[in-house]
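Remarks on the structure that follows.
The values are calculated or read from the model by the stated rules, or taken from the named source; none is laboratory data. As the structure is a prediction and not an experimental result, all values here were calculated from the model. Counting neighbours? That spans all protein chains shown, and the Cβs are built from the backbone with ideal geometry, glycine included.
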Amino acid sequence: MSDRDLERFGEGLARHRAVRPSDEFRRRLRADLMAAPVVFAPPAPRFAFVRFAAVAASILLVLTAGAGSAAASSLPGEPAFGLKRAYEEIQLLLAADEPARAEVALAIAERRLADLQTTAGRPELAPAAAAAYAEALTRAASLTDKLRAAAPSAKRDKAIDRVTESTRTQEEVLEELSERLPEPAQPGIERAREAQHKVTDKDKKDKDRQRSGDDRDDEGEEAATPRPRILATPRPRTAPSARP
């Protein structure tokens, strides 16, 4: 599949984005569904979903490789970007747990910021790239919020710290980059800033809450510790002197 074939494929998908079934088709489908017998199948095991996701990832990987560098180096707003985005979604589905999912979402957000940096020389793609970065970072922030509500663990804490540290770095990059991007990209940049502040502000509140809790614990321990009683030392009595 050549780059031109991939572009035609993407343009075709865009033209059919609003396809809707006719009323007659919906009526017949409803009648068929109502007449069909209901059979309750046993729940599918979890490994079946993982197997399906792995197969889907393999297919997308083949498609991406067959498209050459078009999908791998594509930017938001380009036809081949859909394949790149689909492969990232499969990576997110295959994450082992919530901390791993948050780190995958963060990696996607970091790639979207790199895409946004690339569009500094292609201003026509900057609005789509800014919107894609804001969306990716917002999802990473939401997944991090779920981690904050979960039970503490070493893996959870590591993922939260990783997201927070990277977000602070992204704030500096976006601040410098925003001055070089066109006006149509500014709404997306503003949404990205809101997502960045959401991560860093909650991290600050968590640390302040933890510090306050530690202070209260110290005060409680100090109050609970009994103070030693200081006993007065009795003065020795002086024997009365004998009178002559």
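A residue that is polar (S, T, N, Q), under 17 Å from Arg85 (Cβ atoms) and assigned to a helix (DSSP H, G or I) occurs somewhere in region 137-147. Is it true that some residue in region 81-102 is at pLDDT 95 or above, surrounded by fewer than 21 Cβ atoms within 10 Å (Cβ to Cβ) and among the aliphatic types (A, V, I, L, M)? Scanning region 81-102, I find at least one residue that is at pLDDT 95 or above, surrounded by fewer than 21 Cβ atoms within 10 Å (Cβ to Cβ) and among the aliphatic types (A, V, I, L, M), so the answer is yes.
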